[in-house]
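Below: one structure, written as structure tokens.
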Amino acid sequence: MFLVLICSLVYSLHAFPLPVKLVDMTHTFDETVIHYPFVNGFQMETEMNGTELNGVWILTEKYSSSIHVGTHMDAPLHFIPDGLAVDQIPINHFFAPAAVIDITEKAELDPDAEVTVEDLLNWECLTEQSLNGTIVLLKSGWGKRWNDEIAFLARRMVDMTYTFDEKINHFPIVNGFKKDVVLNGTGMGNMWWLAEDYSASVHLGTHMDAPAHTSPTGLTVDQLPLHHLIAPAAVIDITAKAELDPDAEITVEDLLNWESITGHTLNETIVLMKSGWGKKWNNQTAYLGSPDLDISNAKFPGLAPEAATWLIENRNIYGYGTDAVHLDKGSRSDTFPVHQTLLPNNVFGLENVANVDQIPIYGATLYVMPMKIGGGSGAPTRIIATYPEVIYDTLLSRK
Ligand SMILES: [Zn+2]
Ligand SMILES: [Zn+2]
């Protein structure tokens, strides 16, 4: 009887299956999988496609990818040195009820929303179930953004430009910024107007040094290729040594170190010096490193001439920017060797770049928008950085 009962139960399960809804909770692995730039994306290539194996038609591929791409597991070992590896997790933990914590509403209002203890207790109270033995799933509505990389990896924007006004730091060898109000009140057509004229050296404030600045055959600011102006930022952090020594320079070792920490090449980037000098912007003598504003006494960090030569000979960078006043360090203001090396090779310069300490050392894209001054050796430049809003700045800052 017992046996018969079991059989009929099995029979009935097969004959009249309960309506079970199956949901695939996996994003497809292909080249479009969204990932942060510091991990490798998914790549697949064909190994065999056709009748190359004894006339038998066969299709095979090989693939490569970071383990942390797409729908994937973070094993405890990922962040705890003695945590379980992916092959050590008890398999009964893979079969468990899902406890879905819905924070869609607050995530819609604020991309910074988090699951709180209250949300967890709320779930237990609503479902009258315990979270014990479950797999807790965050439901935030973010999945809708999967096909839109920019929306999925919420991006932060940083203005890397100082405001152009009369207070801009400069050596007396260049002209400061002047603005004259031409109209301010009711004028033409009995309408209210505000209009100004301005004048300044093109080498003032946050600005570009076009190659023509130190090279008779170099490109002028209006001739630079557009794709050189929107490019990844490679931030070389020398804050620690610049704090000890205002004469500090970016060395070849610093450049190679950046490549080894990030696992990326400097090719096709805009290299930025991060020296902490931006904090001195509101103190002209500290920023220029010269109490009498005499350029021959200047002290501030810069790129080493050997490093500039190394970049030209070994890498293909689009530009080099600094958070200080000149590409060359202050004490090299007699011969300006970095200007002499980079610009004639059509690498542009950016000077007085603001907020370099607000972007990660890798992962930001720079939008460099110099005013299109015909035949200009330089131009005031609006620089905006965007980067995915994540914690990887701290991950990548480790040395
Ligand atoms: Zn300049
Ligand atoms: Zn310059």
Qualifying positions in region 251-272 - among the aliphatic types (A, V, I, L, M) and within 19 Å of ASP323 (Cβ to Cβ): LEU255, LEU266, ILE270, VAL271, LEU272
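Can we say PHE152 is of a type in the set (Phe, Trp, Tyr), surrounded by fewer than 12 Cβ atoms within 10 Å (Cβ to Cβ) and at pLDDT below 95? Even if it seems obvious, please write down each step before you answer.
Values: of a type in the set (Phe, Trp, Tyr): yes; surrounded by fewer than 12 Cβ atoms within 10 Å (Cβ to Cβ): no; at pLDDT below 95: yes.
Answer is no for this residue.
Any idea how many residues of region 277-288 are more than 21 Å from ILE384 (Cβ to Cβ) and in a helix (DSSP H, G or I)?
Initial filter on region 277-288 (more than 21 Å from ILE384 (Cβ to Cβ)): 280, 282-288.
With in a helix (DSSP H, G or I) added as a condition, the list becomes 280, 284-288.
Final tally of qualifying residues: 6.
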Condition check for GLY218: away from ligand 2 (no atom under 16 Å from the Cβ) and either more than 15 Å from MET371 (Cα to Cα) or surrounded by fewer than 17 Cβ atoms within 10 Å (Cβ to Cβ) (or both): no
Any hit, region 236-254, residues being over 18 Å from PHE336 (Cα atoms), within 16 Å of ligand 1 (Cβ to nearest atom), in contact with a Lys or Arg (Cβ under 9 Å, 6 or more places away or on another chain) and not acidic (Asp, Glu): no
Residue list for region 158-175, restricted to those being surrounded by 14 or more Cβ atoms within 10 Å (Cβ to Cβ), touching a strand residue (DSSP E or B) at 6+ places or on another chain (Cβ under 8 Å) and within 14 Å of HIS207 (Cα to Cα): ASP159, MET160, THR161, PHE164
Among (1) away from ligand 1 (no atom under 16 Å from the Cβ); (2) assigned to a loop (DSSP other than H, G, I, E, B); (3) more than 23 Å from VAL368 (Cα to Cα) - the single one ASP165 does not satisfy: (3)
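Residues checked against (1) more than 16 Å from ligand 1 (Cβ to nearest atom); (2) closer than 30 Å to PRO291 by Cβ:
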{"residue": "LEU126", "(1), (2)": "yes, no"}
{"residue": "GLN129", "(1), (2)": "yes, no"}
{"residue": "ASN132", "(1), (2)": "yes, no"}
{"residue": "HIS170", "(1), (2)": "no, yes"}
{"residue": "VAL174", "(1), (2)": "no, yes"}
{"residue": "ASN184", "(1), (2)": "yes, no"}
{"residue": "THR206", "(1), (2)": "no, yes"}
{"residue": "LEU219", "(1), (2)": "no, no"}
{"residue": "PRO232", "(1), (2)": "yes, no"}
The one condition in (1) over 27 Å from PHE38 (Cβ atoms); (2) away from ligand 2 (no atom under 16 Å from the Cβ) that PRO360 fails to fulfil: (1)
Subset of region 268-289 [under 24 Å from the mean Cα position of the chain (by Cα) and among the hydroxyl-bearing types (Ser, Thr, Tyr)]: THR269, SER275
Residue match in region 118-137 (condition: modelled with pLDDT of 95 or more, touching a helix residue (DSSP H, G or I) at 6+ places or on another chain (Cβ under 7 Å), among the hydrophobic types (A, V, I, L, M, F, W, C) and in a strand (DSSP E or B)): no
Unmet requirement for ASP197, which otherwise passes all of (1) under 30 Å from LEU343 (Cα atoms); (2) among the charged types (D, E, K, R); (3) exposed (fewer than 13 other Cβ atoms within 10 Å of the Cβ): (1)
Only listed residue being closer than 24 Å to ALA85 by Cα and either modelled with pLDDT of 85 or more or in a strand (DSSP E or B) (or both), chosen from VAL69, VAL39: VAL69
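Condition (residue is within 16 Å of ligand 2 (Cβ to nearest atom), small (Gly, Ala, Ser) and under 22 Å from ASN352 (Cβ atoms)) applied to region 190-200: is it met by at least one residue?
Yes, because at least one residue in region 190-200 is within 16 Å of ligand 2 (Cβ to nearest atom), small (Gly, Ala, Ser) and under 22 Å from ASN352 (Cβ atoms).
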THR239 of a type in the set (Ser, Thr, Tyr) and within 16 Å of ligand 2 (Cβ to nearest atom): no
Scope region 189-227; condition among the hydrophobic types (A, V, I, L, M, F, W, C) and within 33 Å of the chain's Cα centre (by Cα); matching residues: ALA200, VAL202, LEU204, MET208, ALA210, ALA212, LEU219, VAL221, LEU224, LEU226
Residue ranges of strands (runs of 3 or more DSSP E) in region 171-276 with at least 3 members modelled with pLDDT under 95: 178-186, 192-199
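The values are calculated or read from the model by the stated rules, or taken from the named source; none is laboratory data. Note that this is a predicted model, so its numbers are computed, not measured. Using ideal geometry, Cβ is built from the backbone for each residue, glycine included, and neighbour counts are taken over all protein chains shown.
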